[in-house]
Amino acid sequence: MQYLKVHKLLLTSITLLLFLTSGFAQSFKRTADGDTLNYTDAKKLKQGKWVIRVEPQRGNDGYEEEGIYKNDKKEGIWRQYSLEGDIIGVENFKLGGKHALQQYYTYLGDLVKEENWKGYDPETPYDTIPVYGSGNNEIVDFKIVKAEQYSVKHGEWRWYEPGTSRLVKTEKYDRGALEKDPNAFALIPKTANEEKKKEIPKTAEMLEWEKKNKGKKNVIRDGRTYNN
């Protein structure tokens, strides 16, 4: 009887130990300097410094990226490298979403694109955004929206010509919405009434004619004048 009690207690202890071990399982790697790398905590959440390798696939070049995870979300600066070790991107994250300035480079180190993003807190993903009128950038109203993504395009985006750093294109976003070009109205065709109102540049002959007939009434431009 005593043997059965001891045996049962032993089995219970082993079961409890296995449960605790599985519940607090952790994984990580060590760098050459002894630093912890690619650490996953007991809740299977990524923490600390990570290096991730993406192999080439479907015609896309492979790359490696390194940065910090906080509770399974990317945080702060992340850098991307080609598989040859050249830097090709510097990204910034906030609570897992892109935030602030992102920069991308060619394999030769030429800056080719800059993006600006706004990160949201996943717990409170709401924001007030402007509502623009038609034809210009005039703000006519504001509304509160829930962010469907944890980050949206926000600020100026710039594209550069590789090798020269010449700016070739810009776009500006306001919390996900592409702002209209303030000069866009100049590209809209004028109505018939607007065309009629268009002032015709005066020639020297017209100015001379107006000078001679200044103060006269009912002047007709056919050479005849009628005074009341």
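Just so you know, all these numbers are worked out from the coordinates, no wet-lab data involved. The structure displayed is predicted, hence computed values, not measured ones. Because the Cβ atoms are built from the backbone with ideal geometry, glycine has one as well, and the counts that use them run over all protein chains shown.
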Of the numbered conditions (1) surrounded by fewer than 13 Cβ atoms within 10 Å (Cβ to Cβ); (2) within 26 Å of residue 164 (Cα to Cα), residue 56 fails exactly one; give the number of that condition. (2)
For region 94-112, give me each residue that is assigned to a strand (DSSP E or B), touching a Ser or Thr at 6+ places or on another chain (Cβ under 8 Å) and not charged (D, E, K, R). 97, 111, 112
Taking region 156-182 only, how many residues are within 11 Å of the chain's Cα centre (by Cα), charged (D, E, K, R) and under 17 Å from residue 133 (Cα atoms)? 3
Looking only at region 84-109, which residues are of a type in the set (A, V, I, L, M, F, W, C) and touching a Pro at 6+ places or on another chain (Cβ under 8 Å)? 95, 108
